[in-house]
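These notes concern the structure reproduced below.
The values are calculated or read from the model by the stated rules, or taken from the named source; none is laboratory data. Worth saying up front: this structure is predicted, and the values here are computed from it rather than measured. Please note: Cβ atoms are built from the backbone with ideal geometry, for glycine as well, and neighbour counts cover all protein chains shown. Each accessible area value is taken on the protein alone, full model and side chains, heavy atoms only, with ligands, DNA and RNA left out. Shrake-Rupley method; radii C 1.70, N 1.55, O 1.52, S 1.80 Å.
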Amino acid sequence: MRVLGIETSCDETGVAVYDTEQGLLAHTLYSQVDLHAQYGGVVPELASRDHVRKLIPLIKQVLAESETNKVDAVAYTAGPGLIGALLVGVSVGRSLAWTWQVPAIGVHHIEGHLLAPMLEEAAPNFPFLALLVSGGHTQLIEVAAWGKYKILGESLDDAAGEAFDKTAKLLGLGYPGGPALAELALRGNPNRFDFPRPMTQRPGLDFSFSGLKTHVLTTWNKQEQQDEQTRADIARAFEDAVIDTLVIKCRRAIKQTKLKTLVIAGGVAANKRLRSSFNEKLNINIYYPRPIFCTDNGAMIAYAGALRLLNNQSEALAFKAYARWSMFD
Amino acid sequence: MKLLAIDTATEACSCALFIDGEIQQRSEIAPRQHTNLILPMADELLKAADLTANQLDGLAFGRGPGSFTGLRIASGVIQGIAFAADIPVAPISCLAALAQAAYIQNSSEKVLAAIDARMDEVYFGSYIVDQQGIMRSHDEERVCKPESIKIPENGQWYGVGSGWATKLGEKLESYDADKYPQAAAIIPLAVTAFKEGNVVSAEQALPVYLRNKVT
């Protein structure tokens, strides 16, 4: 069965075609990052206006690339995310399905991320522990089977990716500065500063990253020499602290759940030092999506939609988008 | 000719089906319910006529001005149908639709259509009926302060739309501020647009917001 997947929950327009027999056939992504850069963050109204301009041309492109004349279902991100942005994908997706007379499938954005590693040839098997680290979320999730998700811990304030972006801004690296900060950290001295690993001294699997950026700011302000090397050294200390914290919490979650497989997904999962740290420090099978499927994309939505289709889920003609939507009971 | 028209630009949600001169409409005043209503309305109309979307010759929608989210719901739904059925679209002004309805209902030949744009502004446009009974834009549609609007002096003008419930209402004796754009009034404008070739493909079926300063 062939599924068209549409993702418009934030500032990327993603479209893909997934076939349950042949795998991923085509995918494309348009990022609005340049549009929002001058505002230092995503402007929801501008994001919505851009999705409505870009979506149909991208759909046309992936259908042509995959030589698809007919799909068996249309899947779209129904939430959580920016409501106006979501509504574009939901409206277009639902009416495509209605006209083609095929099922429409509303997909949970986080479920899409969790299942993204399954698009790879070496795919994980259920059950697994999942660490979702993105600009919007930091969550540890126990995935027992498809549709059986249990949250074990999450960030009480900033998401990991958000902490990267905010810290990058403090260090004058522009928006979105997360990847630039990671780049800078590669040149940093790991032994010059030692930042705290928040909430690791306490039991539990929750995270808190907002204190770290304050720590960055006070450290930076205390420096007499505010040069490029100092900036790199601080970036390194910050990144080490975040990665280390994630490793510590994951180790704890593995011990608690006795799960043998770890999935790391979301935009921060593309971070190279995070990957090497986890591979080095945790003696467990770890699966990551390929870097382009760590950030928001249509492929994960097409895939998650295909699984929902196989499980006989579909939407009524009345359609809905959810700014907030819990995936957990 | 078979046309389907929708409008979700304001508190009203409506869908109309035109088959060779006959119009059927479903309409409700239902703020924030448009996503629940619009496709069931379209489905019901087509089923009653024993048609599917693929048998339509074209589509029309209220392309704005109006609520940004409402415009994108209409645009999104129409883009999806137009692309899937491979049929053209006539994007129709919601202000023109208000004016057209005033002509159909009270034979008003000169209409000042206004929609409340919040932030102490209105979306505004003036329309004069042509010899075929179709409302034509008399000047450019705009978003502006009600105070800045001058009522034209050439003849008898009638006001219609929620914009007249603002300070604008002080400027004219006869108006109806309780009217919303309706799909049924979009139909004659769309039929004309199809005749005149003013149609676009799915990806060009875009909202016209008028208010473009949003940051």
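Evaluate region A:14-30: report whether one residue or more is touching a Cys at 6+ places or on another chain (Cβ under 7 Å) and either over 30 Å from A:G174 (Cβ atoms) or of a type in the set (V, I, T) (or both).
No, region A:14-30 has no match at all.
Would you pick out the residues in region A:286-328 that are within 14 Å of chain B (Cβ to nearest Cβ) and either without any contact (Cβ under 8 Å) to a residue 12 or more places away in the chain or at positive phi (or both)?
The answer is A:A316, A:A318.
This table checks each residue for (1) open to solvent by 10 Å² or more (accessible area, probe 1.4 Å); (2) under 15 Å from A:G298 (Cβ atoms); (3) more than 16 Å from the chain's Cα centre (by Cα); (4) within 14 Å of another protein chain (Cβ to nearest Cβ).
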{"position": "A:E65", "(1), (2), (3), (4)": "yes, yes, yes, no"}
{"position": "A:G79", "(1), (2), (3), (4)": "no, no, no, yes"}
{"position": "A:L87", "(1), (2), (3), (4)": "yes, no, yes, yes"}
{"position": "A:L96", "(1), (2), (3), (4)": "no, yes, yes, yes"}
{"position": "A:T99", "(1), (2), (3), (4)": "no, no, yes, yes"}
{"position": "A:G106", "(1), (2), (3), (4)": "no, yes, yes, yes"}
{"position": "A:L114", "(1), (2), (3), (4)": "no, no, no, no"}
{"position": "A:A122", "(1), (2), (3), (4)": "yes, no, yes, no"}
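Six or more apart or on different chains, Cβ atoms under 6 Å: show the pairs whose first residue is in region B:118-131 and within 13 Å of B:V143 (Cα to Cα) and whose second is open to solvent by 30 Å² or more (accessible area, probe 1.4 Å) and polar (S, T, N, Q).
B:V122/B:T166
From the list A:L212, A:L181, A:L205, exactly one residue is under 16 Å from A:K166 (Cβ atoms), of a type outside the set (D, E, K, R) and in contact with a Leu (Cβ under 7 Å, 6 or more places away or on another chain). Which is it?
A:L181
So how many residues does region B:4-20 have that are surrounded by 24 or more Cβ atoms within 10 Å (Cβ to Cβ) and outside any strand (DSSP E or B)?
Of the residues in that region, 3 qualify.
Could you say whether any residue in region B:189-196 is assigned by TED's automatic domain parsing to the domain that holds B:A16 and basic (K, R)?
Yes; the residues of region B:189-196 include at least one that is assigned by TED's automatic domain parsing to the domain that holds B:A16 and basic (K, R).
If A:F195 meets every condition in (1) without any contact (Cβ under 8 Å) to a residue 60 or more places away in the chain; (2) out of contact with any Lys or Arg (no Cβ under 6 Å at 6 or more places or on another chain); (3) in a helix (DSSP H, G or I) apart from one, which number is that one?
Exception for A:F195: condition (3).
Looking at region B:76-111, which of its residues are more than 9 Å from every other protein chain (Cβ to nearest Cβ) and not hydrophobic (A, V, I, L, M, F, W, C)?
Residues satisfying the conditions are B:D86, B:P88, B:P91, B:S93, B:Q100, B:Y103, B:Q105, B:N106, B:S107, B:S108, B:E109, B:K110.
Which condition does A:V15 not pass, out of (1) farther than 14 Å from A:T77 by Cβ; (2) open to solvent by less than 30 Å² (accessible area, probe 1.4 Å); (3) more than 11 Å from chain B (Cβ to nearest Cβ), if it passes all the others?
Only one criterion is unmet by A:V15, namely (1).
Hey, could you check region B:198-215 for residues that are within 17 Å of B:L4 (Cα to Cα) and outside any helix (DSSP H, G or I) and say which is least open to solvent (accessible area, probe 1.4 Å)?
Per the criteria, the residue is B:A205.
Scan region A:138-150 and give yes if some residue there is modelled with pLDDT of 95 or more and within 14 Å of chain B (Cβ to nearest Cβ), otherwise no.
no
Give the residues of region A:275-329 that are surrounded by 20 or more Cβ atoms within 10 Å (Cβ to Cβ) and among the small types (G, A, S), sorted by residue number.
Scanning region A:275-329 gives A:G298, A:A299, A:A302, A:A304, A:G305, A:A306, A:A321.
Going by the conditions given, is B:L51 farther than 25 Å from A:A78 by Cβ and open to solvent by less than 10 Å² (accessible area, probe 1.4 Å)?
No; evaluated as a whole, the condition is false for this residue.
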